Amino acid sequence: MSPPVRWLADSEAKHGFHRGHNLHAVIAARLALCVFTSLGAQRPSPRALVWGGDAEGGAPFVEADAADPSQVRGFDVEVAARIARGLGGRTARFVQVQWSSIDQSVERGDFTLGLSGVEDTPARRTRHAVTLPYFEFREVLAVRPEDAGRIHGLADLRGRRVATLGATIAYDLLVAARDSTGLIPLSYDDDVHPYTDLVAGRVDAVLLDHIIAQRALRRRGGSGFVILAQSVALGHYVGVLARANAALRDSVDAVLREAMRDGTLEQIFRRWSVWDESQGALFDRVVRSTAAAAPPGTAAGSQALAYLPSLARAAGVTALISVLSMMLAVIVGLALASGRVYGPVSLRLATTVYVEVIRGTPLLLQLFVIYYGLAGVVRLPAFLAAVLALGLNYGAYEAEIYRGALEAVPRLQLEAARTLGFSEWQILRLVRGPQALRFALAPMTNDFVALLKDSALVSVITVVELTKQTAIYATNVGSWVVPGALCALVYLAMSLPLARLARRLERRWRPA
């Protein structure tokens, strides 16, 4: 091959190599573009309005769609969608959050807008950017039919138990009426069990929003209780945004006003059967106003001082429940341990089953079973149910401590005592018991510290103990910093001496 021909062939080969190399580069670039495009599609659209609510509250606010549980429905869902469309054609994306945590979550940036029957309060307006009111509700009393003729308001409930949802305007009204009327306010974590307990006779009245009361009455087929016509107070639902989002709040207000003018909000409320004449009057007032009036706030320091008596009472409830529950746990634990060590086979089997079942199921479940599950057989007061649940639960753990302590005593000592003619009772009282107590006392103290903290769970059955009162305080002031610090200090004041005692006992009685 001549040099020119060879040069031409070499040139073609090189160009072919470069064309192939360039082709691979183009393919790789396109693949990378597809990957990045796919990843970008998975990210939340910047056009979405992310809003938070509590689907556990149920209809007509927010509830899981029965046809598609991954979706939510309710008038607040439609209000959020209308706001999103008004903010430049956005779409609304829902985030589940506990109702009492909406304020804290919106400030953390978990979502932009909080909607779910959020009440308009002075503390909320002081700490957050709050929208104009878009719905007016009435606080109404529900009573049993036989009491409807003699109960007309809070003044007629002296000495009676009145239930409501914690950290609400209704709860504040009951607390304010406690000193003047002598009624007994009870705080619940949900808005279903207050009406259940009203029908069951555990409480004498329920104070909640008229929407919630009417929904509960429909669920019972219109029977079981009656709703008094005279309202106790008026309130408004609002949307809540982070304090730094005041400009966006103003845009949301403009959208809500437009929705009031064009009838969109009225259509939403009519679809969910919550429209009445008071909403039309509210719309007229809001449309005529240029800005939502902000009620005066309360200084954080004065709020903390105002809550100190309530926190002190709640701490006393926590301490009393813990002491009584531990006493019951010690008695139950001794009985179970004695049965497992000294009892016949059938008794040992029964006590073992009890211990394993109690230790293998959640304490929260046991609280619900004792308080609500046994209501058809015996209606225990909430305080007694709390003591029983904690005592029976920790009794299983105490039983294992005592059994281990009894079996830790050297068998040679027991055989020596039997050789000397001691009875089993004498051996337990003089030899085995004192040594077992030395082994068990330090773990018992540790269990008491754990029980003291687990007593916070009893708030689910309407007992307002320290943690529950702190949660109400934190929700009302819109921050967990001061309430959380106060609650922690009280718990530490109660638990640190016990923990120190446990460590001293462990050092003093540590086996050589």
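Please work out the Cα center distance from region 384-420 to region 201-254, rounded to the nearest Å.
Measuring centre to centre over Cα atoms gives 52 Å.
Place a point 7 Å from the Cα of ALA244 along the Cα-to-Cβ direction; which residues of region 109-125 have their backbone N under 14 Å from it?
Within reach of a label on ALA244, which here means backbone N under 14 Å from a point 7 Å along Cα→Cβ, region 109-125 contributes 109-112.
Would you kindly give the portion of the calculated P(r) for the chain that falls above 46 Å, as a percent of all Cα pairs?
Counting pairs separated by more than 46 Å, the tail of P(r) holds 34 percent.
Specify the angular offset, from 0 to 90 degrees and rounded to the nearest 10, of the alpha carbon long axis of helix 300-342 from the longest principal axis of the alpha carbons in the chain.
Approximately 50 degrees, to the nearest 10.
For region 120-198 and region 478-500, what is the separation of their C-alpha centers, rounded to whole Å?
Each part's Cα centre sits 28 Å from the other's.
If you count the DSSP beta bridges with both ends in the chain, what percent of them are antiparallel, to the nearest 5?
55
Considering the dipole of the chain built from charges on the beta carbon (Lys and Arg +1, Asp and Glu -1) around the Cα centre, which of GLY109, GLY149, ALA350 is farthest to its positive end?
So the residue we want is ALA350.
About the Cα centre of region 141-200, what is the dipole size in debye to 20, counting +1 per Lys and Arg Cβ and -1 per Asp and Glu Cβ, all else neutral?
About 280 debye.
Nearest 0.05, what FRET efficiency do GLN230 and ALA254 give at R0 = 22 Å with Cβ-Cβ as r?
Once rounded, the FRET efficiency stands at 0.05.
On C-alpha positions alone, give me the angle between the axis of helix 210-219 and the longest principal axis of the chain, in degrees, nearest 10.
70
What's the extension gain from VAL369 to TYR342 if we count 0.36 nm per residue and subtract their Cα-Cα distance? Mind dumping the intermediate values first?
On the way: separation 27, 0.36 × 27 = 9.72 nm, distance 3.09 nm.
Separation in residues times 0.36 nm, less the Cα-Cα distance, equals 6.6 nm.
How high is the FRET efficiency between LEU437 and ARG178 when r is their beta carbon distance and R₀ equals 60 Å, given to the nearest 0.05? Write down the numbers at each step before the final one.
On the way: r = 45 Å, r/R0 = 0.74.
With R0 = 60 Å, the Cβ-Cβ based efficiency is 0.85.
Using 1/(1 + (r/R0)^6) with R0 = 22 angstrom and r between the beta carbons of LYS453 and THR352, what's the FRET efficiency to the nearest 0.05?
Working: r = 27 Å, r/R0 = 1.25.
In this case the efficiency is close to 0.20.
Could the peptides 480-489, 419-428 be put in order, highest first, of the mean number of other beta-carbon atoms found within 10 Å of their residues? Before the final figure, lay out each step's value.
Numbers: 480-489: 15.5, 419-428: 12.5.
Most protected by this proxy first, the peptides run 480-489, 419-428.
Amide H neighbours of LEU208 under 5 Å, counting only residues 5+ apart in sequence or on other chains, H built in-plane at 1.01 Å?
Hits under the 5 Å cutoff: VAL140, ALA142.
On a 1.4 Å probe surface of the protein chains, which of GLU277, GLU136, GLU146, GLU107 comes out largest in accessible area, and what is the full order?
Accessible-area ranking of GLU277, GLU136, GLU146, GLU107, largest first: GLU277, GLU146, GLU107, GLU136.
Rounded to the nearest 20 Debye, what is the dipole magnitude of the chain about its Cα centre when Lys and Arg each give +1 and Asp and Glu each give -1 at the C-beta?
1460
The values are calculated or read from the model by the stated rules, or taken from the named source; none is laboratory data. Every value quoted in this text rests on a predicted model; they were computed, and no experiment measured them. Positions of Cβ are backbone-derived with ideal geometry, glycine not excepted, and every protein chain shown enters the neighbour counts. The accessibility values were calculated without ligands, DNA or RNA, using every heavy atom of the protein model including side chains. Shrake-Rupley method; radii C 1.70, N 1.55, O 1.52, S 1.80 Å.
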